[in-house]
Each structure stands twice: as C-alpha cells, then as structure tokens.
Amino acid sequence: MTKISIHTVLTESNVLQTIIEGDLAIRDSAEIKEELLMLLRDNQTTEIQFKNIERLDVAALQLLAALLKSAANQKKAVTYNFEQTEYTNNILNNSGFSQLFEQTPV
C-alpha cells in the first residue's frame, strides 16, 4: 500500500492541474478533502489527474462526487481524469461512478 501523494502544477495553457497518486481510501479522506477544498476555494478551474492508483474505495469516490457538486454550486469547474487501468475500470464501473469521471488510456 502506498500513501496518497498530491501535487499541483500549472500547465502551459495556464490551467491548474493536480496529480493524485497512490491510495484513495477512507483513512485518507480528511487529507483528500482538505486538499480538494483548498483547490476549490483558490481556483475557478481545476483539473485533477489520478495516476498510479493502487487502492480506491467508495468513500473516496463519494468525496470526489461531493466536490463536483460543491464546485457546480459555486459556478466553478473541476475535471477528474483517471488513468485507465483494469483496476480503476473495475472500481468505477462496479461502484456506479463511471459516468462522473473521465478515464484516459494508459
């Protein structure tokens, strides 16, 4: 198990891109929530890339879905892109969250 890693970069097109790697599990939900709320507070548009995800549970997906709703209520844009792996495909499809999150091929 790998602890979650969150880092942010500014892309050439001047979009803030946050990269999240490792485990997204309920035990990390406070850290994930704090980071995501800070991004939402400080930025009008945020793109979040999920790479090298080793563990993903429904609690984390619910947190991500709630952030999308908060962003929409604040007229802000948040985009999630999951690296498409067999693991993330299975989790997103089996949990019913696949329609909320984009997936990018590996």
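Read-outs throughout are calculated quantities, based only on the coordinates presented, and are distinct from any laboratory measurement. Everything quoted here is computed from the prediction, not taken from an experiment. FYI the Cβ positions are ideal-geometry reconstructions off the backbone, even for glycines, and counts take in every protein chain you see.
Going toward the positive end of the dipole of region 19-68, with +1 on Lys and Arg Cβ and -1 on Asp and Glu Cβ, which of 62, 49, 38 do you reach last?
62
Rounded to the nearest 5, what % of the DSSP beta bridges within region 7-105 are antiparallel ones?
Taking every DSSP beta bridge within region 7-105, about 15 percent pair in antiparallel fashion.
Could you give the spread of the C-alpha atoms of the chain along their three principal axes, from largest to smallest, in whole angstroms?
For the chain, the Cα extents along the three principal axes come out at 31, 27, 26 Å.
Post the alpha-carbon centroid distance, region 1-21 to region 55-106, in whole angstrom.
Distance between centres, Cα-based: 15 Å.
Could you pull out the pairs from 51/75; 3/51; 3/69; 33/76 whose alpha carbons sit more than 24 Å apart here?
Pairs exceeding the cut-off: 51/75; 3/69.
Fewest to most neighbouring Cβ within 10 Å: what's the order for 35, 12?
Taking fewest neighbouring Cβ atoms as first place, the list is 12, 35.
At a 10 Å Cβ-Cβ cut-off, how would you order 26, 48, 20, fewest neighbours first?
26, 48, 20
At 7 Å along Cα-to-Cβ for each site, give me the label-to-label distance between residue 31 and residue 19 in nm.
1.7 nm
Using unit Cβ charges (K, R positive; D, E negative) and no other charged atoms, how large, in debye to the nearest 20, is the dipole of the chain about its Cα centre?
The dipole magnitude comes to about 380 debye.
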